[in-house]
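Structure, as structure tokens:
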Amino acid sequence: MTFDADSPAAGPDAGDALHAAQPRGRECGSCTLCCKTMSVREIEKPNNVWCRHVRNHTSCEIYETRPHSCRVFNCLWLRGVGTDAMRPDRSRVVLVEAEDEAGGPKGVAAILDPSRPLAWQEPQMRVFLEQIRDRYGAVGMALGTRKRVFRAGQPLQTP
Ligand code: SF4
Ligand code: SF4
């Protein structure tokens, strides 16, 4: 994955969507999807399992003392990428920066919720991911331990 970006974007057009280095006034609100999909080393939480500290799937009961990993994690939506409807608890997709295996610039990966593995096919999200793929050369998708990178023009499929 070798794409980089210029500026954050609010709209569904992925053209300026990446490299959203600064939050643009967004808040997680009642979203906690990363508390399920992502692993947290400090508390030995594996990915795709709800954290034991999630309360009602809407908040963190140890928010003030949450691990460093939780404090520094900002999904791309929180950083200004995508529409309001693409907030992860609504879209069931967590967009993250992905490391390039070859040491190149970071790319974008869509982390899918195993409970809703087909949610990425919702038209707005699908178009967004296709735009990322074609404009930046690749997009990643992960579902549990299954990961795939789709190159420009390659049809997206559930991993
Ligand atoms: S997935 Fe993004 S918006 Fe949702 S809680 Fe995590 S950082 Fe916040
Ligand atoms: S400790 Fe809190 S912020 Fe971190 S994963 Fe668990 S519920 Fe989420």
Next item on the list: Report the extension gain between Ser59 and Gln131 in nm, rounded to one decimal, defined as 0.36 nm multiplied by the number of residues separating them, less their alpha carbon distance.
Entry: 22.7 nm
Next item on the list: Would you please report the Å³ per residue occupied by the convex hull of the alpha carbon atoms in region 14-151?
Entry: 116 Å³
Notebook entry, point to check: On full extension of the chain, what length is gained from Thr158 through Glu99, given 0.36 nm per residue of separation minus the C-alpha to C-alpha distance?
Noted result: 19.2 nm
Margin query: Give me the percent relative contact order of region 14-151, please, defined on Cα pairs under 8 angstrom at least 6 residues apart.
Written below: 22 percent
Next item on the list: Count the net charge of all other residues whose Cβ sits under 15 Å from the Cβ of Thr158, scoring Lys and Arg as +1 and Asp and Glu as -1.
Entry: +4
Check: Extension gain Asn47-Gln124, at 0.36 nm per residue separation less the Cα-Cα distance, in nm?
Finding: 25.2 nm
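Values in this text are rule-based calculations from the coordinates and carry no lab data. What you see is a predicted model, and the numbers here were worked out from it, not measured in a lab. A quick note on method: Cβ atoms are made from the backbone with ideal geometry, for glycine too, and the neighbour counts reach across all protein chains shown.
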